[in-house]
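Below you'll find the structure, written out as structure tokens, and then a few comments.
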Amino acid sequence: MRVLVTRPEPDGERTAAKLRARGCEVMLAPLLRIEPVAADIDGAWHVVAVTSINALRAIANHSGLERLLATPAYAVGGRSADAALALGFADVISADGDVSDLARVMKIHLRPGARVLYLAGDDRSGDLAGDLAAAGIEVTTRVVYRAVALSEFPPDVRDALSAGWLDGVLHFSRRSAATYVGCAAVAGITGPALAPTHYCLSQQVAEPLVAAGAPATRVAGEPTEAALISLVTG
């Protein structure tokens, strides 16, 4: 199978390597570029919340990190939990799901009045802060990274899509899926770009593709890289 991985680096290359190990031919074209954003993370927090490994990468060299590491951390899934542990957080709880699962777990564990530092990106799926605030949990959101979208496909990807060379495309975020649709429109190849099977991490990720008219979208059984790769190669 010939597939395109649109995931930002460095995660895109890791996903591509796993697909190649399963016999896929892979093109890699990150449609988003992750950039850190300067943010004040000092304060008296009961817990820290992260919904993306990119947030942890963004604060790796932050002057306030050492003080933050003594705070329990809640992570959306296993990879972000592992990244938090690797960064130095000693007490990490994983929701093993999506943003709604993280909110549910935190509302079970935390009492009203708890103060949460949410390390976030500038473009977020779900409403973790709103869900927690509705339960009386005080949330301070600090944007620590941004995802900058490409305006057009790299030439080799445009040519591969135009020629119908690709069998499938992997999408890991709603933003990257929307960027894919936008790049296809700019190149004037919306039809050929939507023709492959689109493998999506969640139903929310699939929405821009479905709205654009993609004839074949498949959604992973759970929002993990392993589940998505199994969907492609299973």
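Residue by residue through the stretch 53-68, note down the ones that are open to solvent by 20 Å² or more (accessible area, probe 1.4 Å) and part of a loop (DSSP other than H, G, I, E, B).
ALA60, ASN61, HIS62, SER63 - these are the residues of the stretch 53-68 that are open to solvent by 20 Å² or more (accessible area, probe 1.4 Å) and part of a loop (DSSP other than H, G, I, E, B).
Under the condition of being touching a residue at least 60 places away in the same chain (Cβ under 8 Å) and not polar (S, T, N, Q), which residue from the stretch 178-198 is surrounded by the most Cβ atoms within 10 Å (Cβ to Cβ)?
TYR180
Give the number of residues within the stretch 29-42 that are in contact with a helix residue (DSSP H, G or I) (Cβ under 9 Å, 6 or more places away or on another chain) and part of a loop (DSSP other than H, G, I, E, B).
Number satisfying all stated conditions: 7.
Based on this model, can you work out whether GLY164 counts as assigned to a loop (DSSP other than H, G, I, E, B) and either loosely packed, with under 15 Cβ neighbours inside 10 Å or free of Cβ contacts under 8 Å to residues at least 12 places away in the same chain (or both)?
Yes.
If we keep just the residues of the stretch 2-28 that are assigned to a loop (DSSP other than H, G, I, E, B) and open to solvent by less than 30 Å² (accessible area, probe 1.4 Å), which is farthest from TYR180 (Cα to Cα)?
For the stretch 2-28, the residue satisfying everything is CYS24.
Just to verify a result, which residue in the stretch 211-234, among those that are within 15 Å of the chain's Cα centre (by Cα) and farther than 17 Å from PRO196 by Cβ, is surrounded by the most Cβ atoms within 10 Å (Cβ to Cβ)?
PRO223
Looking only at residues in the stretch 29-48 that are touching a Pro at 6+ places or on another chain (Cβ under 6 Å) and open to solvent by 20 Å² or more (accessible area, probe 1.4 Å), which one is nearest to PRO154 (Cα to Cα)?
PRO30
Provide a single number: the residues in the stretch 1-13 that are touching a residue at least 40 places away in the same chain (Cβ under 8 Å) and among the charged types (D, E, K, R).
So the answer is 3.
Of ALA86, ALA73, which residue is at pLDDT 95 or above and open to solvent by less than 20 Å² (accessible area, probe 1.4 Å)?
Among ALA86, ALA73, only ALA73 is at pLDDT 95 or above and open to solvent by less than 20 Å² (accessible area, probe 1.4 Å).
The values are calculated or read from the model by the stated rules, or taken from the named source; none is laboratory data. Bear in mind the structure is a predicted one, so any value in this text is a computation, not a measurement. Cβ sites come from the backbone with ideal geometry, for glycine too, and all protein chains shown count toward neighbours. These area figures cover heavy atoms from the full protein model, side chains too; ligands, DNA and RNA do not enter into them. Shrake-Rupley method; radii C 1.70, N 1.55, O 1.52, S 1.80 Å.
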